[in-house]
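Peer 1: Starting off with a structure, shown below.
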There are 2 protein chains.
Amino acid sequence: MGDKKNKKSGERCALQEILGVIGGKWSMSIIYALFDGKKRFSELERLVPNINTRMLVKELKNMEANGIVVRKVFATVPPTVEYTLTTKGKKLEPIINELYKWGVEYVG
Amino acid sequence: MGDKKNKKSGERCALQEILGVIGGKWSMSIIYALFDGKKRFSELERLVPNINTRMLVKELKNMEANGIVVRKVFATVPPTVEYTLTTKGKKLEPIINELYKWGVEYVG
DNA sequence: CAACAATACTTTACTTTTGAAAGTAGTAAC
DNA sequence: GTTACTACTTTCAAAAGTAAAGTATTGTTG
């Protein structure tokens, strides 16, 4: 059975899986905000333009489940929660930066 | 007024604009399918896993409006329509390939 | 002591977007 | 005249997203 065709279609499915993880409307913006270090929930709310609380919670949970961010809770009052990129998440920095450059050249 | 802060927030908004263009669920998969040359509408339907007609039409229109693909109609019966990447669209190839590599290493 | 503030979410009600399936237009072959 | 072919369009239900208000905990303020 044609190797090339099967490989290509495998690649296509893999790409969709990948986009399922970081292809949403908000993921990359959140990752981008985390490039310069840990951020608290409320900081992220301010740093990601137009996102709402519910979506930020949802995306962060999803990203945590996918090993892109780490959530660390401190038992303070009021509560403190810090989000950080994992190594896996940090590796997206050059890619998102390239995407940004592409956009600056062609979109803006 | 703080230069660094303004630049950063400008970048964030730009990133969101960019993601508005190619950050949807389907755009990158369609672009990926177009990397190896022009494709007809029906070919794209087959090449992009799980997409439906309505979404493919919508995304292609959007991408055409954003100068990422070119739509060429031939007055045949039944009709033939070819979609091709513009230069702007082609420039995404290395970026999407990097994303794919990232995914292979960390998602799959 | 009661009201208020602060953070990190949850919940609810509503709007928008997406998806599946069926339909349309135009012509040519049978 | 029925079927086939391509590239859409339409319809309607389901899923996802948004805005705004609510919850839990405890420390400070009046």
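The values are calculated or read from the model by the stated rules, or taken from the named source; none is laboratory data. Quick caveat, the model's predicted, so the values are computed rather than measured. Here the Cβ positions follow ideal geometry from the backbone for every residue, glycine too, while neighbour counts run over all protein chains shown. Each accessible area value is taken on the protein alone, full model and side chains, heavy atoms only, with ligands, DNA and RNA left out. Shrake-Rupley method; radii C 1.70, N 1.55, O 1.52, S 1.80 Å.
Peer 1: Any residue at all in the range A:39-46 that's among the charged types (D, E, K, R) and buried (at least 18 other Cβ atoms within 10 Å of the Cβ)? First the steps, then the outcome.
Peer 2: Here is the first cut: in the range A:39-46, the residues among the charged types (D, E, K, R) are A:39-40, A:43, A:45-46.
Imposing the further condition that a residue be buried (at least 18 other Cβ atoms within 10 Å of the Cβ) reduces the set to A:39.
Yes - at least one qualifying residue is present in the range A:39-46.
Peer 1: Could you list all residues from the range A:8-35 that are surrounded by fewer than 20 Cβ atoms within 10 Å (Cβ to Cβ) and modelled with pLDDT of 95 or more?
Peer 2: Within the range A:8-35, just A:F35 meets the criteria.
Peer 1: Can you confirm whether the range A:21-44 contains a residue that is touching a Ser or Thr at 6+ places or on another chain (Cβ under 8 Å), closer than 18 Å to A:L92 by Cα and without any contact (Cβ under 8 Å) to a residue 12 or more places away in the chain?
Peer 2: no
Peer 1: Any residue that is of a type in the set (A, V, I, L, M, F, W, C) and in contact (Cβ under 8 Å) with a residue 40 or more places away in the chain - is there at least one of those in the range A:55-62? Full working, then the answer.
Peer 2: Narrowing the range A:55-62 to residues of a type in the set (A, V, I, L, M, F, W, C): A:55-57, A:60.
If we keep only those that are in contact (Cβ under 8 Å) with a residue 40 or more places away in the chain as well, we get none.
Scanning the range A:55-62 turns up no residue that is of a type in the set (A, V, I, L, M, F, W, C) and in contact (Cβ under 8 Å) with a residue 40 or more places away in the chain.
Peer 1: Does A:L47 satisfy the criteria of being touching a residue at least 12 places away in the same chain (Cβ under 8 Å) and not hydroxyl-bearing (S, T, Y)? Spell out how you get there, then give the answer.
Peer 2: Working: touching a residue at least 12 places away in the same chain (Cβ under 8 Å): yes; not hydroxyl-bearing (S, T, Y): yes.
In short, yes.
For every residue, the table says whether it meets (1) over 10 Å from the mean Cα position of the chain (by Cα); (2) within 11 Å of DNA strand D (Cβ to nearest atom); (3) not small (G, A, S).
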| site | (1), (2), (3) |
| --- | --- |
| B:S9 | yes, no, no |
| B:S27 | no, no, no |
| B:F41 | yes, yes, yes |
| B:V48 | yes, no, yes |
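Peer 1: Can you tell me which residue in the range B:53-92 is farthest from B:K38 (Cα to Cα), limited to those that are open to solvent by 70 Å² or more (accessible area, probe 1.4 Å) and under 10 Å from the mean Cα position of the chain (by Cα)?
Peer 2: Among those that are open to solvent by 70 Å² or more (accessible area, probe 1.4 Å) and under 10 Å from the mean Cα position of the chain (by Cα), it is B:E64.
Peer 1: Please give the helices (runs of 4 or more DSSP H) falling wholly within the range A:8-86 in which 2 or more residues are within 8 Å of DNA strand C (Cβ to nearest atom) and facing chain B (nearest Cβ under 7 Å). Step through it out loud before you land on a result.
Peer 2: On the way: elements: A:27-34, A:41-47, A:53-65.
Where helices (runs of 4 or more DSSP H) fall fully within the range A:8-86, none carries at least 2 residues being within 8 Å of DNA strand C (Cβ to nearest atom) and facing chain B (nearest Cβ under 7 Å).
Peer 1: Mind checking which residues of the range B:93-108 are among the aliphatic types (A, V, I, L, M) and either more than 11 Å from chain A (Cβ to nearest Cβ) or more than 12 Å from the chain's Cα centre (by Cα) (or both)? If you could, list the steps in order and put the result at the bottom.
Peer 2: Of the residues in the range B:93-108, the ones among the aliphatic types (A, V, I, L, M) are B:95-96, B:99, B:104, B:107.
Those that are among the aliphatic types (A, V, I, L, M) and either more than 11 Å from chain A (Cβ to nearest Cβ) or more than 12 Å from the chain's Cα centre (by Cα) (or both): B:L99, B:V104, B:V107.
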